[in-house]
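Structure record follows, encoded as structure tokens.
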Amino acid sequence: MRHCYLDYAATTPVRKEVIEVMTPYFSLKYGNPSSLHYLGREAKDVIEKAREDVAYLINAKKEEIVFTSSGTEANNFALQKVITKEKSHIIVSEIEHPSIIETCKFLEKCGHEITFLKVDNTGKVSPQDVEREIKENTVLVSIMHANNEIGTIQPIEQIGLIIKKFPNVYFHVDAVQSAGLILVDVNLFNVDFLTISSHKLYGPKGVGALFIKKGISLNPMIWGGGQESKKRASTENVPGIVGFGKACKLAKKDILGSITMRKLRDRLENLIINTIADVKINGHLADRLPNNLNVSVKNVEGEAMLLYLDMEQIAVSTGSACSSLTLRPSHVLLSIGLSPEQAHGSIRFSLGKYTTEEDIDYVAKHFANIVSKLREMSALR
């Protein structure tokens, strides 16, 4: 039976080249980067080289990169540490990743004010709405570059130019889904903070990074030692950071590979639309990540489709990986106007660098058969 992985938005396999550069730092080159001897210096040097490679991917300076354990931690870092006074105001979109939404809910309980911006039926934030909501106590605007469920790409450049007019307001962008797939440029975006994650671009899990614009001072996320310019204490994950750096370096070279990915995504979309009735494409049809296809199928449960696809060794998702174990409908799909029934009938296909045309045809064929079978079963109830 063929194995087809179409859940790259949840995580990506680690590239062989990445594994190769990581391997020596588990056993042969095992020094603590804080140690002064040769093994420690060697570890410190490779961390700084990786920092350069991560910075290069997003057009940043290496001293502007702080390594974290994940994109979630980096998002938490930016949101929590930018607040320095009581009753601060933060603006986010209502379709942000849970690491943003839940952190904002926590900050709200702490007495801070949060504005959750509405989006249109394609998942887009209005730059004018952002400007309208900025007020005297606003300290931060956080808008994701591309949505993890529906792939919609936000007008980050426009929003960045607007926020630039307000010198006391910082701008944070969650670029976890977009970095390595499409252009991410901290200078073009006019951002103060930007989050990326290793395991979304064929690097190892357990490592991410927060870009902090030079000149901005933040209290440490973790107190203790002097690691990461005293912003995140704890012994560095040397193998993970080395792998992350290599993955970013390779991603920078492979950015044009998204053209092929888009063609395959469009092929899958057309096959599904032409073989299955009553299918809705979710998200913006043009301004969308090249590997994302989120569909709602009328009168069929998403979990049932997922389980039947799984039996055919096809891996997909019914929502974001961070919240797919819950029974609640996706907050993203509800925010773009879908009913709970439509949201529950959604499937996310996300392609990657190892997806082939044969994979697409295999998935489309089985998906059509599964939907037909499930609809027949539903009609018999």
Of the residues that make up the range 237-248, is at least one in a loop (DSSP other than H, G, I, E, B), buried (at least 22 other Cβ atoms within 10 Å of the Cβ) and not small (Gly, Ala, Ser)?
no
In the range 310-334, which residue that is modelled with pLDDT of 95 or more and part of a loop (DSSP other than H, G, I, E, B) is farthest from Pro290 (Cα to Cα)?
Glu312
Could you list, ordered by first residue, the pairs with Cβ atoms under 6 Å in which the first is in the range 100-126 and not assigned by TED's automatic domain parsing to the domain that holds Ile90 and the second is surrounded by 17 or more Cβ atoms within 10 Å (Cβ to Cβ) and at pLDDT below 95, at least 6 apart or interchain?
none
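Before we move on, is Lys205 surrounded by fewer than 19 Cβ atoms within 10 Å (Cβ to Cβ), in contact with a Pro (Cβ under 8 Å, 6 or more places away or on another chain), within 30 Å of Tyr170 (Cα to Cα) and not hydroxyl-bearing (Ser, Thr, Tyr)?
Here the answer is no, as Lys205 does not meet what is asked.
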Could you pull out the residue among Ser178, Ser217, Ser198 that is of a type in the set (Ser, Thr, Tyr) and without any contact (Cβ under 8 Å) to a residue 40 or more places away in the chain?
Ser217
The listed residue being within 23 Å of Thr72 (Cα to Cα), assigned to a loop (DSSP other than H, G, I, E, B) and in contact (Cβ under 8 Å) with a residue 24 or more places away in the chain, out of Gly337, Gly352:
Gly352
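The values are calculated or read from the model by the stated rules, or taken from the named source; none is laboratory data. Since the model is a prediction, treat every value here as computed from it, not as a measurement. Note that each Cβ is placed from the backbone with ideal geometry, even for glycine, and that neighbours are counted across all protein chains shown.
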